[in-house]
Structure formats: C-alpha cells, structure tokens
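Take a look at the structure set out below.
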Amino acid sequence: MQEKLRLAKTGDINAYHELFSGFQKELKAFIYRLVADRSDADDLTHDSFIKSFSKIRTFNEKSSLKTWVFSIASNLCLDFLRKRNRWSVYSQDKSRAFAETNMDVEEALIRTNKYSLNGVYEIKEHIDFCFTCMTKTLPLEQQITLILKDIYGFTVTEIAEIISRSPGVVKHLLHDARKTMMVIFDDRCALISKKGVCHQCSELNGYFNPKQKTQEELMKMQLVKEAGVLDIEQLYFLRANLVSNINPLTSRGTNLHEVFMQITRKVEGEISKIDY
C-alpha cells in the first residue's frame, strides 16, 4: 500500500484508483445515505475521486487514506445538500398517501417487485430505508456524524477530522442525533413501540409477499424479539447494527427501494417527477 501511495503522489492515477477502490463501495453507500439518489451518489463519488487525487500530494498520512477521502466526500455532500430542506418525520405517511392516489406509482412498484432482479421486498431492508429517511430529518452535521459512527464504525477522533470539528463537538452532535432518532422511532415505529403509528413494514410485506406470514418474518429479527425487553436506546443500537450490515445500493431489494425513495423525494419536494 505504501508503494502505491508513493506512486499516487507522483501522479500515477492507476495506483491511486487501486487504493480508492478498497473503500469505494462503502464511500458510495455512505454518500447515497446522505443524498438519497443513485445518480447523485455516482456523481459525488466520482467528484470525490477526482478531487482527492488532485490533492493527494497534500495528504500528510496522519490519518488513514480512507478517513481523508471521506472528509473530502463529506464536504462535497455538505455543499450539495445545504440548499435543500431537511425531511419531515411524516415523509412516510405522505409517501403512502401519494402512492395510494396515483395508479402509475402502484404499477411501478408492482412491476419492479415482479420483474426486477433486485426487486425483492424484505422487512429488514425496509428498516434500512426508513433509517435513511429518518436521518434526513436531522441537521446535516448530525446526520453525517451519526452515519459515520453508527453505520460505518468511524471513531470519534476520525469523525472529528472528517468534519473538521473537535472530538467534544462530535460527541455532542452524536448524542443529539441519537436522542432524536430514538424519539422518532419510539413515536413512529410499530415494530418496537406499542404506541408507534407506522405499520408500513408489515403492510408492505403483506402486499408484496402475500404467501409469507408477516409475524414469522418479523420474529426472525432480534430487533422485534427484544422490543418488549430493551429500552429505546438499546433498540436503537440493534436497529443501527441491522442497518450497518446492509448496502442500500446492492441489496436484494435495492431497485424496489429506489422507487420508494423517489416517491419520498417527490413528496418532500426534491424532484418534480418520478423516473420509473
């Protein structure tokens, strides 16, 4: 690796591409969780490669190359997202209402589920989808900090370097982000809370997998098994652990959830029409 880095610093783009490829999939998934659009994630990943390669001579090796590149990518995403509104905690309710009143949306979901190679509906992947949507209600720095720590396992010190904040500020951002997420899930998610009003996971499973018993599928997940035993903080970390094991760009249901994401972006005013 040191030899490839030395070559990259002399301008060898092939050597740098080899190094970048070691964490490219993870970087693109991270960016996707921030911007919620495949095309934008592709563009920003490409921009991260170009910008980091152009600055590789300034890399002082005090951190890992991965941490350094994630810092560049995070700044690009911050610039990209600053002019966009954060999402509502009710985005899933609005998406459901929109889908139920638009026949072409329902047809697109059915078609994707039936014919797409990655159109499978799985409850655990929908939990991942909802997690992404909920993080987009957070202030940007909180969203980035939470995803870096709880989904991709960066340390507080590494995150401090990535977002150019002190470790103390990172801890504060992380605490506030987690607290908000715990409250949202406790209020909204019927999987883990008796008062949760959102039954979307179960409803969609019944819709896309009519022969599969939803309760049996739910009970396969530790998150549901422990719902009546653990507190909301412990349940949050179970959910985060589940999400950390899913790549939203390569999962079995990625194409189906891309349609869900476009519906959500439509009702949140980010796009004017849905590309089916």
Cα centroid separation - segment 97-147 against segment 205-241, whole Å: 17 Å
Computed over the chain, the ratio Rg/Rh where both radii use C-alpha atoms and Rh is Kirkwood: 0.99
Length-normalised contact order for the chain - Cα pairs under 8 Å, 6+ apart - percent: 23 percent
Segment R96-H17, length gained on full extension (0.36 nm per residue, minus Cα span): 24.3 nm
Three-way shape label, segment 22-79, alpha-carbon gyration tensor, a/c 1.5: prolate
Computed label-point distance, nm, for sites K114 and K55 using a 7 Å Cα→Cβ extension: 4.9 nm
Computed E for K220/K179 - FRET, C-beta separation, R0 25 angstrom, nearest 0.05: 0.30
Virtual spin-label span in nm between K195 and K211, 7 Å along Cα→Cβ: 4.1 nm
Footprinting exposure proxy for T157, T180 (fewest neighbouring C-beta atoms within 10 Å first): T157, T180
log10 of Debye I(q)/I(0), alpha-carbon scatterers only, for segment 222-276 at 0.15, 0.17, 0.21, 0.30 Å⁻¹: -0.63, -0.73, -0.83, -1.03
Relative contact order [Cα under 8 Å, 6+ residues apart], segment 1-84, whole percent: 28 percent
Low-density loop cleavage sites - chymotrypsin sites (Phe, Trp or Tyr not before Pro) in segment 80-172, where at most 16 other Cβ are within 10 Å (DSSP): Y90
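All of the numbers you see were taken from the coordinates with simple rules; none came from a lab. Since this is a predicted model, take the numbers as computed values, not measurements. Glycine gets a Cβ as well: all are built from the backbone with ideal geometry, and neighbour counts include every protein chain shown.
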